[in-house]
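Scroll down for the structure; my scribbles are underneath it.
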Amino acid sequence: MRNRRSVIPFLMFLIILLGACQSRVVFHHFRHVSTPGWDKSDTLHFNIPPVTESGTYEMTAELRINKSYPFQKITLIVSQEVIPSGQSHYDVLDCRLIKQNGVIEGDGISYFQYQFHVRNMELGKGDSIHLYISHNMKREIMPGITDVGICLSRTDKVTARINTEEDKQQ
């Protein structure tokens, strides 16, 4: 009986803790690239829906490649337009995929996944983003790239306010 009483507060604390944890990822999506490779003229579009809270958000570009990718790096062009403010951002990312010695830096076995920081941005409640990604390589078609993605995550702390009796009286 005594052991049960000591377990109950621990379980309640665990339930509250798990309920308070929120995923910070607000958008995460990949677009598949055609089998022969990613064509230079094939700009990929992403529409990030309106965010529900104002705050600081981190944007990352993601790639999935296979062993047929012929180069060590890729240059990505990421352009974003924030709606309704009309702010626009243009980022050029020089992304290393394979080390000088041929070792693949990504996570995986036959397909490798990479994540590259694009920017941190302040967004207001209701802001959405139209985003375009293309590559800027000399070769028109880049074989070995299978998917291109974008991830938007909340980076600032979300604080919860607990109403006390004093708050209710005010």
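The values are calculated or read from the model by the stated rules, or taken from the named source; none is laboratory data. This one's a predicted model, so the numbers in the text were calculated from it and none came from an experiment. Backbone-built Cβ (ideal geometry, glycine too); neighbour counts: all protein chains shown.
Across region 112-153, the number of residues qualifying as farther than 21 Å from Thr75 by Cβ and basic (Lys, Arg) comes to 1.
Out of the residues in region 131-158 that are outside any strand (DSSP E or B) and aliphatic (A, V, I, L, M), state the one that is farthest from Pro84 (Cα to Cα). Quick ask: steps written out before the conclusion?
Residues of region 131-158 that are outside any strand (DSSP E or B), as a first pass: 136-140, 143-144, 155-158.
Then keep just the ones that are aliphatic (A, V, I, L, M); that gives 137, 158.
Details: Met137: 32, Val158: 24 Å.
Here the residue is Met137.
The lone criterion from (1) modelled with pLDDT of 95 or more; (2) in contact with a Gly (Cβ under 8 Å, 6 or more places away or on another chain) left unmet by Ser85 is number (1).
Suppose the filter is modelled with pLDDT of 95 or more and over 18 Å from the mean Cα position of the chain (by Cα); does Ile15 pass it? Considered against the rule, which asks whether it is modelled with pLDDT of 95 or more and over 18 Å from the mean Cα position of the chain (by Cα), Ile15 comes out as no.
Confirm whether Gln115 is at pLDDT below 95 and either over 22 Å from the mean Cα position of the chain (by Cα) or under 30 Å from Asp156 (Cβ atoms) (or both).
Details: at pLDDT below 95: no; either over 22 Å from the mean Cα position of the chain (by Cα) or under 30 Å from Asp156 (Cβ atoms) (or both): yes.
It is false that Gln115 is at pLDDT below 95 and either over 22 Å from the mean Cα position of the chain (by Cα) or under 30 Å from Asp156 (Cβ atoms) (or both).
Answer yes if at least one residue in region 53-73 is in a loop (DSSP other than H, G, I, E, B), under 23 Å from Asp156 (Cα atoms) and modelled with pLDDT of 95 or more, and no otherwise. No, every residue in region 53-73 fails to be in a loop (DSSP other than H, G, I, E, B), under 23 Å from Asp156 (Cα atoms) and modelled with pLDDT of 95 or more. Looking at region 89-111, can you tell me whether even one residue there is assigned to a loop (DSSP other than H, G, I, E, B), surrounded by 11 or more Cβ atoms within 10 Å (Cβ to Cβ) and of a type in the set (S, T, N, Q)? No: zero hits.
Residues in region 28-37 that are modelled with pLDDT under 95 and crowded, with 17+ Cβ neighbours inside 10 Å were compared, and the one that is farthest from Asp127 (Cα to Cα) is Gly37. For Lys157, the criteria (1) exposed (fewer than 14 other Cβ atoms within 10 Å of the Cβ); (2) at pLDDT 85 or above; (3) among the charged types (D, E, K, R) hold in every case but one, which is (2).
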